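Q: Just passing along the structure, written as structure tokens.
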Amino acid sequence: MGHIAYLIVAVVAITAILIHLASVLLVSRRFRRDVRVRQPGSHPALSVLRPVCGLEPGLDQTLGSSFTAMSRDYEVIFCVAAAGDPAIPLIRRLIAENPRTPARLLIGKDNISGNPKLNNLVKGWKAARYDWIVMIDSNILLPRDYIGTLFARWTPGTGLVTSPPAGIRPAGLWAGVEAAFLNTYQDRWQLASDQVGNGFAQGKVLMWQRALLERAGGLAALGHDLAEDVASTKVVRAAGLKVRVLTRPFPQPLGHRTAREVWLRQLRWAKVRRAGFPGLYAAESLSVAFVHFAAVAGLALAGLWPPIIAIGYPVLWYGAEWSLARRAGWPSSAGQIAAWVVRDAMIPAVWLAGFASRGFVWRGN
């Protein structure tokens, strides 16, 4: 019986690192491609909706990047729920500084769901002039070719184009841990899934053709799940279409983070995944690196594997992550590698805590 148990442990450990390496190779292929961007005038006009709630570090830069598009046919609509929001003066200044781009600030909310972001965005969706609409969170930094990049990913059979955030500019250990969760863990799996034709949405960036979402019930339909990205994925798949993920995710400057902020954010996302896709959430338990490290060490201590394998296994695991981060241009310093270790120590606790309750608090809601 003991030998059977050892065999099972060995097979699981080998399978885990093969899957890990396969995901890294799949995603690395994306960053070797030349991304084709549609030139200005070769794509439809686009309405860019940016929900804003409060002042965040770097907000002037992230919101200001809305105006840098290498495109002629687009408008920018900033949506703020409360008239006293401290971000309003900043938004008005940005609009005044960019008179060549049609831009508006809309204030107020419509309670169509339990999702405060959707309630904030409804007015922008209704006011949008164009049939193509993209919703982009306020903390996403947009490259100059962002509109062409979005349309270039809209290939036949597409129902939605999305992008996860790539964490950049982390300040301190816990911001590094946030980048570790975002980039070589969550982004890696989302990009790998898209690479094999199973793309799913991320609420940071959602580009729609208006008619598709309207047929499904409009923005209110995205409030049927805990998060709009889960609901978006279900809407698109129900229509027999595909969610496409950008080849290179748009960046999110991280700045400073506290341990509590990182924990609460990861716990919130864990609950969203558990509620929206319980089967996939159960499979996440197999991605816990420390379990496999301990299994390999146990095999070495039992004399069944050479000790060098117990050392080489985590080196290969993190070496693959490092190579992906370097190729993608994501943080990859020695401090970031330490952050990957902290992340992997947190993953089992986050995963288990995701079962504790079905709700969470987000921006006081």
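The values are calculated or read from the model by the stated rules, or taken from the named source; none is laboratory data. Treat the numbers as computed from the prediction; the structure is a model and nothing was measured. So basically every Cβ, Gly included, is an ideal-geometry build from the backbone, and we count neighbours across all protein chains shown. To get the accessible areas, we keep the full protein, side chains included, count just its heavy atoms, and leave off ligands, DNA and RNA. Shrake-Rupley method; radii C 1.70, N 1.55, O 1.52, S 1.80 Å.
Q: Given the -39500 (n - 2.57) contribution per DSSP H run of 4+ residues, what per-residue ellipticity at 222 nm results for the chain, rounded to the nearest 500 deg cm²/dmol?
A: -15500 deg cm²/dmol
Q: Let me ask you something else. Taking only protein heavy atoms and a 1.4 Å probe, what accessible area per residue, in Å², does the chain have with all protein chains in place?
A: Using a 1.4 Å probe on heavy atoms only, each residue of the chain averages 44 Å².
Q: Compute, for the stretch 255-365, the length of the dipole vector about the Cα centre, with Cβ point charges of +1 (Lys, Arg) and -1 (Asp, Glu) only. Units Debye, rounded to 20.
A: Computed charge dipole of the stretch 255-365: roughly 560 debye.
Q: Here is a follow-up. Under a cut-off of 16 Å between alpha-carbon atoms, report the aspartates and glutamates in cross-link reach of Lys271, not counting same-chain residues fewer than 8 places apart.
A: Correct list for Lys271: Asp225, Glu228, Asp229, Glu261, Glu284.
Q: At a probe radius of 1.4 Å, what is the per-residue accessible area of Glu56, in Å² to the nearest 10?
A: My reading of the accessible area for Glu56 is about 50 Å².
Q: Here's something else I'd like to know. Classify the stretch 83-163 as rounded, prolate or oblate from the Cα gyration tensor: take a ≥ b ≥ c as the square roots of its eigenvalues, call it rounded if a/c is under 1.5, otherwise prolate when a/b beats b/c and oblate if not. Write out the running numbers ahead of the final one.
A: Details: a/c = 1.99, a/b = 1.26, b/c = 1.59.
Note, shape of the stretch 83-163 comes out oblate.
Q: Classify the stretch 275-365: rounded, prolate or oblate, from the alpha-carbon gyration tensor (a ≥ b ≥ c, eigenvalue square roots; a/c under 1.5 rounded; otherwise prolate if a/b is larger than b/c)?
A: Since a/c reaches 1.5 but b/c is at least a/b, the shape of the stretch 275-365 is classed as oblate.
Q: Among Ser323, Thr149, Val262, which residue has its Cα positioned farthest towards the positive end of the charge dipole of the chain, with +1 placed on the Cβ of Lys and Arg, -1 on the Cβ of Asp and Glu, and the dipole taken about the Cα centre?
A: Farthest along the dipole direction, towards plus: Thr149.
Q: Would you please report the Å³ per residue occupied by the convex hull of the alpha carbon atoms in the stretch 1-112?
A: Enclosed volume per residue, from the Cα hull, is 230 Å³.
Q: With a 1.4 Å probe and all protein chains left in place, how much of the accessible area of the stretch 161-276 comes from carbon and sulfur atoms, in whole percent? Display every interim value, and only then the final one.
A: Details: 2170 of 3970 Å².
Carbon and sulfur: 55 percent of the exposed surface of the stretch 161-276.
Q: Return the equivalent ellipsoid semi-axes of the chain as a descending list in whole Å, where each equals the square root of 5 times an eigenvalue of the C-alpha gyration tensor.
A: Over the Cα atoms of the chain, the ellipsoid semi-axes are 38, 21, 20 Å.
Q: I would also like to ask the following. Quick check for me: using +1 on Lys/Arg Cβ and -1 on Asp/Glu Cβ, what's the dipole size of the chain about its Cα centre, in debye to the nearest 20?
A: 600 debye
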